[in-house]
Amino acid sequence: MKTTCLAMHMANELLNVPVAVATILVAAAAIALASRRSKKTLDAEKLPLMGVMGAFVFAAQMINFTLPGMPGTSGHLGGGVLLAILLGPAAAIITITSVLIVQCLVFQDGGLLALGCNVINMGVVPCLLGWVLYKGLAGRRGGHLSAWRQYLAAWAACLVAITAGAALVPVQAALAGRLTIPVTHFMAVMVGVHLIIGAIEGVITFAVVAYLRQVRPAAMGLQTPPGFVAGLSRKAVAASLVVTALLVAGVLSWFASSHPDGLEWSYMEHRYGGTETIIKPPSDAVAAVDELQSRYSPMPDYTRRAAEESAEEAVEGAWPNVDGWGSLAGVIGTVMTLMIVYALSILLKRKPAALVRDGAVV
């Protein structure tokens, strides 16, 4: 049976069943707490941003960029820190979880058993840690925050939080007993690669934050500065981000790097002292889940089933990779994420019917 090689996120083969179940339970608890918190903190200004930013992050994650100084390796946006800055950590966790579920179930991007790890590593840790670092470095008071301080805080938060999430992968693989090399070796490479990825993600996050700061400061939780010329409405900002997401997923994805991403390179391409294989063969249970996921994912590897092998060959042999099926998959995923996250935001914001007793609302 062919071993599944997933393009972006943690794969089933890095885990065993007990660790997978444990991380899924931890992730579920974090999502439940985040949902409860979001009911209290999600405001009207950020309500439309939740679905739109989910769609934007889904599209942006399709763009792998070649890492400078590391030929043959690429990275991609995680998006958790950006979401936390814009939405708050609770709503950000729900949003990035929705993105990861769509990627996993529809496109076989990220292992089904590894879904809990991916939610923790790409969602819970970057959202919480990134938000804490951003708030601590920004030091905002009374809705006023200088641009340079906000941008620096966003960049630094990405650098640290993305790397911290990536550092959990070797720990989880080691707990599962999957490594054939010392965990410190895998950890060193993962941290080194993701420091570069985090620095680049910080620049992307800075660009989005700068755009929103210029066109609608209220979306950033900032007061409108004196003399501010009327910017874009909430609907216009949402529309601009949706259009950008569709263009990124449908067209810009053709120009994504075909090199393996930082995680895949660290455990499948990188050689540790000449060691060819750093993980043990998967168990029968893990192999069965891999087969199940591969069989029932509607568009594995962001293409139609019959074109899966030819698409892999095209990625290796051509750049840009002009792929109509890949564009369709990107647009479908972007729209699905937008609809799912926006529906969740409405449900989270909906208040329970008030009880009336003796003419008083309680």
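One residue alone among ILE200, ILE181, ILE196 is surrounded by fewer than 24 Cβ atoms within 10 Å (Cβ to Cβ), in contact (Cβ under 8 Å) with a residue 24 or more places away in the chain and not in a helix (DSSP H, G or I), and that residue is ILE181.
With respect to GLY123, determine if the residue is at pLDDT 95 or above and either more than 20 Å from ALA22 (Cα to Cα) or in contact with a strand residue (DSSP E or B) (Cβ under 9 Å, 6 or more places away or on another chain) (or both).
So GLY123 does not fit the description; no.
ALA147 falls short on exactly one of the conditions (1) small (Gly, Ala, Ser); (2) touching a residue at least 40 places away in the same chain (Cβ under 8 Å); (3) buried (at least 18 other Cβ atoms within 10 Å of the Cβ), and that condition is (3). Within the stretch 1-32, the residues that satisfy the criterion of being modelled with pLDDT under 90 and not basic (Lys, Arg) are MET1, THR3, THR4, CYS5, LEU6, ALA7, MET8, HIS9.
Can you tell me which residue is farthest from the chain's Cα centre (by Cα) among those in the stretch 165-178 that are among the small types (Gly, Ala, Ser), assigned to a helix (DSSP H, G or I) and surrounded by fewer than 19 Cβ atoms within 10 Å (Cβ to Cβ)? It would help to see each step written out before you state the result.
Within the stretch 165-178, the first condition is being among the small types (Gly, Ala, Ser), and the residues that meet it are 165-167, 173-174, 176-177.
Imposing the further condition that a residue be assigned to a helix (DSSP H, G or I) reduces the set to 165-167, 173-174.
Subsequent filtering for residues that are surrounded by fewer than 19 Cβ atoms within 10 Å (Cβ to Cβ) retains 167, 174.
On the way: ALA167: 16, ALA174: 23 Å.
Among residues in the stretch 165-178 that are among the small types (Gly, Ala, Ser), assigned to a helix (DSSP H, G or I) and surrounded by fewer than 19 Cβ atoms within 10 Å (Cβ to Cβ), the one farthest from the chain's Cα centre (by Cα) is ALA174.
Say whether the condition of being out of contact with any Leu (no Cβ under 6 Å at 6 or more places or on another chain), of a type in the set (A, V, I, L, M, F, W, C), at pLDDT 95 or above and buried (at least 24 other Cβ atoms within 10 Å of the Cβ) is met by at least one residue in the stretch 62-82. The answer is yes, given that some residue of the stretch 62-82 is out of contact with any Leu (no Cβ under 6 Å at 6 or more places or on another chain), of a type in the set (A, V, I, L, M, F, W, C), at pLDDT 95 or above and buried (at least 24 other Cβ atoms within 10 Å of the Cβ). What is the residue count in the stretch 281-298 for residues that are closer than 16 Å to VAL106 by Cβ and touching a Gly at 6+ places or on another chain (Cβ under 8 Å)? So the answer is 1. The number of residues in the stretch 42-61 that are in contact with a Gly (Cβ under 7 Å, 6 or more places away or on another chain) and surrounded by fewer than 21 Cβ atoms within 10 Å (Cβ to Cβ) comes to 0. Restricted to the stretch 267-299, and to residues there that are of a type in the set (D, E, K, R) and surrounded by 13 or more Cβ atoms within 10 Å (Cβ to Cβ), the residue that is nearest to HIS194 (Cα to Cα) is LYS280. Beta carbons closer than 7 Å, at least 6 apart along the sequence or on distinct chains, pair a first residue in the stretch 339-362 that is of a type in the set (A, V, I, L, M, F, W, C) with a second that is assigned to a strand (DSSP E or B) and at pLDDT below 50 for ALA354/VAL361. The C-beta contact set for the stretch 36-62 (first residue in a loop (DSSP other than H, G, I, E, B), second residue aliphatic (A, V, I, L, M), distance under 6 angstrom, 6+ apart or interchain) comprises LEU42/ALA91; LEU42/LEU348; GLU45/ALA218; LYS46/LEU87; GLN61/LEU77; MET62/ALA249.
The condition (being modelled with pLDDT of 90 or more, over 23 Å from the mean Cα position of the chain (by Cα) and assigned to a helix (DSSP H, G or I)) is satisfied by just one residue among LEU292, LEU338, LEU328: LEU292. For the stretch 33-41, the criterion of being buried (at least 24 other Cβ atoms within 10 Å of the Cβ) and at pLDDT below 95 is met by at least one residue.
Could you list all residues from the stretch 127-144 that are of a type outside the set (A, V, I, L, M), surrounded by fewer than 24 Cβ atoms within 10 Å (Cβ to Cβ) and part of a helix (DSSP H, G or I)?
Start the filter on the stretch 127-144 by keeping residues that are of a type outside the set (A, V, I, L, M), which leaves 127, 130-131, 134-136, 139-144.
Next cut, surrounded by fewer than 24 Cβ atoms within 10 Å (Cβ to Cβ) only: 131, 135-136, 139-144.
TRP131, LYS135, GLY136, listed by residue number.
Scanning the stretch 128-187 for residues that are under 20 Å from GLU201 (Cα atoms), polar (S, T, N, Q) and at pLDDT below 95 turns up just one, GLN150. Listed conditions (1) in a helix (DSSP H, G or I); (2) surrounded by fewer than 17 Cβ atoms within 10 Å (Cβ to Cβ) are all met by ALA249, apart from (2). Please verify whether VAL189 is among the β-branched types (Val, Ile, Thr) and exposed (fewer than 15 other Cβ atoms within 10 Å of the Cβ), treating the condition exactly as stated. So VAL189 fails the test.
For the stretch 110-126, does any single residue satisfy the condition of being assigned to a helix (DSSP H, G or I), of a type in the set (A, V, I, L, M), in contact with a helix residue (DSSP H, G or I) (Cβ under 8 Å, 6 or more places away or on another chain) and surrounded by fewer than 16 Cβ atoms within 10 Å (Cβ to Cβ)? Taking every residue of the stretch 110-126 in turn, none turns out to be assigned to a helix (DSSP H, G or I), of a type in the set (A, V, I, L, M), in contact with a helix residue (DSSP H, G or I) (Cβ under 8 Å, 6 or more places away or on another chain) and surrounded by fewer than 16 Cβ atoms within 10 Å (Cβ to Cβ).
The values are calculated or read from the model by the stated rules, or taken from the named source; none is laboratory data. The model shown is predicted, which means the values in this text are computed figures rather than measured ones. Methodologically, a virtual Cβ is constructed for each residue, glycine included, from the backbone with ideal geometry; neighbour enumeration extends over all protein chains shown.
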